[in-house]
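The values are calculated or read from the model by the stated rules, or taken from the named source; none is laboratory data. Because the structure is a prediction, the values reported are computed rather than measured. Ideal geometry is used to build each Cβ from the backbone, glycine not excepted, and the neighbour counts take in all protein chains shown. Heavy atoms of the whole protein, side chains included, go into the accessibility calculation; ligands, DNA and RNA do not. Shrake-Rupley method; radii C 1.70, N 1.55, O 1.52, S 1.80 Å.
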Amino acid sequence: MMIELVTSKLHGFKSQMRRELAWRLPGNRCRYDCELMKLPVMQVFARPVLNNRLVDDFQLQSIAMAPSDGALETWFDEDEQQFGLEVRRSRFIERNQSVRSFIKRDEEGFFLHYDSVLLAEDAPAGFGAVAFFRAAQAAKAMGLTRVVLDAVGGAGYKMGIEGGWWREYNGYYSWPRFGFDAEITPSTRERLKETSFDQTATRLLDLIEWSADWWKHHGAGGPMVFDLKPGSRSWHTLSTYLRQRKLLR
């Protein structure tokens, strides 16, 4: 990964204009875009160059899911060879918590890893979906291959947590509805035996399409992936979710 030390707030003017134009086109306007349009306070200690293109301020804001009222810091972790982003101090983020993510690289290419996404309990319904939609669009444009995370919450069995989670999280339920997928685990399959679910299906998105409500009551957190390739099932699931909830206009 190439890293440059850049601190200019003016960097990315063309990207800003392109983004604002695209977000105003019919069929691509989202509720809450106004909360993501203006740059947050930024401390850009490092900036990645991906596929020979310097990542600008507005791309950083988008992939970090940074609301305009927050503060975004970036850095490069030389030991882990990963680029970090962390958003704090926004009314949309849980008090004293953050949204932290990393750009990493493996044999498949660059990808985005969300380490923690802790939105405020009183954040408006659908804000997280819109923020991630804009993040995924930016990640795709930057040439990233996928977005990965460990969804949390639900029953403790999937990740071997005795007695369940220490608090209620809904990531295990929300992220699949946003298009994140995983293999159905043996533990989940065992719980599905007495249901009408197609027992030959292997993917979590198959289960979500069958009954998101069943997953809400019986599902559990674990590793999930959003496929950024154009036309992927992940994109179809996310756009369907946004339209059904009138978040995409």
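Would the stretch 213-232 turn up any residue that is among the hydroxyl-bearing types (Ser, Thr, Tyr) and assigned to a helix (DSSP H, G or I)? There is no residue in the stretch 213-232 that is among the hydroxyl-bearing types (Ser, Thr, Tyr) and assigned to a helix (DSSP H, G or I).
Scanning the stretch 114-125 for residues being farther than 14 Å from Trp175 by Cβ and either touching a helix residue (DSSP H, G or I) at 6+ places or on another chain (Cβ under 7 Å) or open to solvent by 20 Å² or more (accessible area, probe 1.4 Å) (or both) gives a total of 5.
Select from the stretch 91-145 the residues that are assigned to a helix (DSSP H, G or I) and touching a Pro at 6+ places or on another chain (Cβ under 9 Å) and write down the one among them that is farthest from Gln59 (Cα to Cα).
Going through the qualifying residues, I end up with Phe127.
Filtered by the rule that a residue be within 14 Å of the chain's Cα centre (by Cα) and on the phi > 0 side of the Ramachandran plot, the stretch 39-69 gives a lone residue, Met65.
A single member of Arg29, Arg91 is at pLDDT 95 or above and open to solvent by 70 Å² or more (accessible area, probe 1.4 Å), and it is Arg91. Every test in (1) under 24 Å from Gly222 (Cβ atoms); (2) open to solvent by less than 10 Å² (accessible area, probe 1.4 Å); (3) at pLDDT 95 or above is passed by Phe133 save one, and that test is (2). Within the stretch 219-249, being open to solvent by less than 60 Å² (accessible area, probe 1.4 Å) and small (Gly, Ala, Ser) holds for Gly219, Ala220, Gly221, Gly222, Ser232, Ser234, Ser239. Evaluating Val148 against the criteria (1) buried (at least 19 other Cβ atoms within 10 Å of the Cβ); (2) modelled with pLDDT of 95 or more leaves one unmet condition, (1). Being free of Cβ contacts under 8 Å to residues at least 24 places away in the same chain and touching a strand residue (DSSP E or B) at 6+ places or on another chain (Cβ under 7 Å) is a description that does not apply to Thr195.
Examine the stretch 79-90 for a residue that is more than 15 Å from the chain's Cα centre (by Cα), within 22 Å of Val41 (Cβ to Cβ) and part of a loop (DSSP other than H, G, I, E, B), and state whether such a residue exists.
Looking for residues that are more than 15 Å from the chain's Cα centre (by Cα), within 22 Å of Val41 (Cβ to Cβ) and part of a loop (DSSP other than H, G, I, E, B), one finds at least one in the stretch 79-90, hence yes.
Residues of the stretch 9-24 that are farther than 14 Å from Arg134 by Cα and either at pLDDT 85 or above or open to solvent by 50 Å² or more (accessible area, probe 1.4 Å) (or both): Lys9, Leu10, His11, Phe13, Lys14, Met17. It is to be established whether one or more residues within the stretch 187-195 are outside any strand (DSSP E or B), at pLDDT below 90 and open to solvent by less than 80 Å² (accessible area, probe 1.4 Å). Yes, the stretch 187-195 has at least one match. Within the stretch 233-249, the set of residues being hydrophobic (A, V, I, L, M, F, W, C) and either in contact with a Phe, Trp or Tyr (Cβ under 7 Å, 6 or more places away or on another chain) or assigned to a helix (DSSP H, G or I) (or both) comprises Trp235, Leu238, Leu242. Once the stretch 36-78 is narrowed to residues that are open to solvent by less than 10 Å² (accessible area, probe 1.4 Å), at pLDDT 95 or above and in a strand (DSSP E or B), the residue that is farthest from Met142 (Cα to Cα) is Leu72.
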